[in-house]
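Here is the structure we will look at, set down as structure tokens.
The values are calculated or read from the model by the stated rules, or taken from the named source; none is laboratory data. Predicted model only: the values in this text are computed from it and were never measured. Cβ sites come from the backbone with ideal geometry, for glycine too, and all protein chains shown count toward neighbours.
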Amino acid sequence: MKTICDNPLPLLIAVMFIFGGIAYAVKTSDPPDSLFEPEIEPSLIQTTENYRLARHPSLSVSGSSSVKDWKMEANDAQGSGVFQVSDGKLQNISSLKVTMKAKELKSGTRGMDNNAYDALKSSKYPEIAFELMDFSGGESSGKAKGRLTIAGVTREVSIPVQIRKQGTGFVFTGEVPTKLTDFSISPPTALLGSIRTRDEITISFNAHFQPKN
């Protein structure tokens, strides 16, 4: 009497058939590759948007003299920027520029204003400007490195910035200390030199940027 061991061929065919069927079943039951691709949550999608400086920003230059402290303020400027935003939160700023007329700065005293405009050479260089070179930071604070131009002289500055969400836009506040002589400005004097402006000044800002419509 012959056994299956005497002729192993049928057994091999059966084994191959069984394993072939299992392999096919596994292959056809595999989920599509798309199931293994990471899904991007809508909240993580980053968009690039154009923004503009809203009306009535708060810009000021302050310092002191041999007599008292002083401050000049302006509420009119122009500005635009390109921001990267994700889920309504600021992620980065790829470009930004703000310009203002030097004669928009007011102290409330005409004589001081005229002295300041002369020192700023406002007739020859009517604009003060800041242009961003690099921004690093996050949702609520950062550091803006850029070119600040005053009286026709450009210097690189680094400004710590606080950021606050307001409506669909962002409010930036900050200040940077500098010197008049850094911009080739001679500190103004009055009363035959008896009143002298000190070289150190502080430039402050509170600026609201809104999406361009």
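Numbers for the structure displayed
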item	result
Of all residues making up segment 181-203, the number that are in a strand (DSSP E or B), touching a Pro at 6+ places or on another chain (Cβ under 9 Å) and not aliphatic (A, V, I, L, M)	6
Given (1) within 18 Å of the chain's Cα centre (by Cα); (2) modelled with pLDDT under 95; (3) surrounded by fewer than 19 Cβ atoms within 10 Å (Cβ to Cβ), number of the condition Lys97 does not satisfy	(2)
Test: residue in segment 118-128 that is within 18 Å of Val61 (Cβ to Cβ) and among the aromatic types (Phe, Trp, Tyr)	yes
Strands (runs of 3 or more DSSP E) fully within segment 47-105 counting 2 or more residues that are out of contact with any Leu (no Cβ under 8 Å at 6 or more places or on another chain) and within 22 Å of Ser204 (Cβ to Cβ)	58-65, 69-74, 89-101
The one condition in (1) modelled with pLDDT under 95; (2) polar (S, T, N, Q); (3) part of a strand (DSSP E or B) that Thr178 fails to fulfil	(1)
Verdict on Pro8 being under 51 Å from the mean Cα position of the chain (by Cα), modelled with pLDDT under 90 and of a type outside the set (Ser, Thr, Tyr)	no
Thr197 of a type in the set (Val, Ile, Thr), within 23 Å of Val67 (Cα to Cα) and either modelled with pLDDT under 95 or loosely packed, with under 13 Cβ neighbours inside 10 Å (or both)	yes
Residue list for segment 112-135, restricted to those being modelled with pLDDT under 95 and within 12 Å of Val161 (Cβ to Cβ)	none
Residues of segment 157-194 satisfying the condition of being surrounded by 15 or more Cβ atoms within 10 Å (Cβ to Cβ), of a type in the set (A, V, I, L, M) and farther than 30 Å from Glu49 by Cβ	Leu180, Ile185, Ala190
Segment 97-122 residues that are more than 14 Å from Ser184 (Cα to Cα), paired with ones that are part of a loop (DSSP other than H, G, I, E, B) and of a type in the set (S, T, N, Q) (beta carbon under 7 Å, 6 or more apart)	Ala102/Ser122; Lys103/Ser122; Asp113/Ser107
Matching residues in segment 135-159 - criterion: being within 15 Å of the chain's Cα centre (by Cα) and among the aliphatic types (A, V, I, L, M)	Ala144, Val157, Ile159
Counted residues, segment 181-213 - those being under 26 Å from the mean Cα position of the chain (by Cα) and hydrophobic (A, V, I, L, M, F, W, C)	6
